[in-house]
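Below is one structure, written out as structure tokens; the observations come after it.
Here, each number is a calculation from the coordinates, and none is a lab measurement. This one's a predicted model, so the numbers in the text were calculated from it and none came from an experiment. Here the Cβ positions follow ideal geometry from the backbone for every residue, glycine too, while neighbour counts run over all protein chains shown.
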Amino acid sequence: MKVTFTNTTNDDAEALVKIRIKAMREGLERIGRFDPQRARDRFLTSFNPDLCKYIQVDGEKVGFILLRPMDDHLLLDHLYITPEQQGR
């Protein structure tokens, strides 16, 4: 298995939202809090492609990570892996 990280652009925003929703869906449905519009809106209001990287496994985009620089640390703001790839 080869894991790589690739840049994102503003054009990737909707694809990233789909990954986020897919990754979150099961857990949020289990606790009765799944709202795809809210998940979409929350991500898009703060999305910065310069801080975000796709996670690829063997060339397939399976998730993404977004790290925000803070004054004295990096904030792991988003980390999502599609359900099919989780646990591998």
Practice problem: State, as an integer percentage, the relative contact order of segment 34-88 based on alpha-carbon contacts under 8 Å between residues 6 or more apart. | Solution: 22 percent
Quiz prompt | Hz values of 3J(HN,Hα) by residue in segment 77-88 - Karplus curve (6.51, -1.76, 1.60), Gly and Pro given as x | solution = 7, 9, 8, 10, 10, 4, x, 5, 9, 5, x, 8
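For LEU79 and THR9, compute 0.36 nm times the residue count separating them, minus their Cα-Cα distance, and round to one decimal in nm. Please list the in-between numbers first.
Details: separation 70, 0.36 × 70 = 25.20 nm, distance 1.68 nm.
Using 0.36 nm per residue and subtracting the Cα-Cα distance, I get 23.5 nm.
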Quiz item: Once the dipole of the chain is set up with Lys and Arg at +1 and Asp and Glu at -1 on Cβ about the Cα centre, which of HIS78, ILE21, THR8 lies farthest towards its positive end?
Solution: ILE21
Exercise. Compute the FRET efficiency between LYS22 and LEU67 as 1/(1 + (r/R0)^6), taking r as their Cβ-Cβ distance and R0 = 22 Å, and round to the nearest 0.05.
Key: 0.55
Quiz prompt | Cβ charges +1 (Lys, Arg) and -1 (Asp, Glu), total dipole of the chain, debye | solution = 320 debye
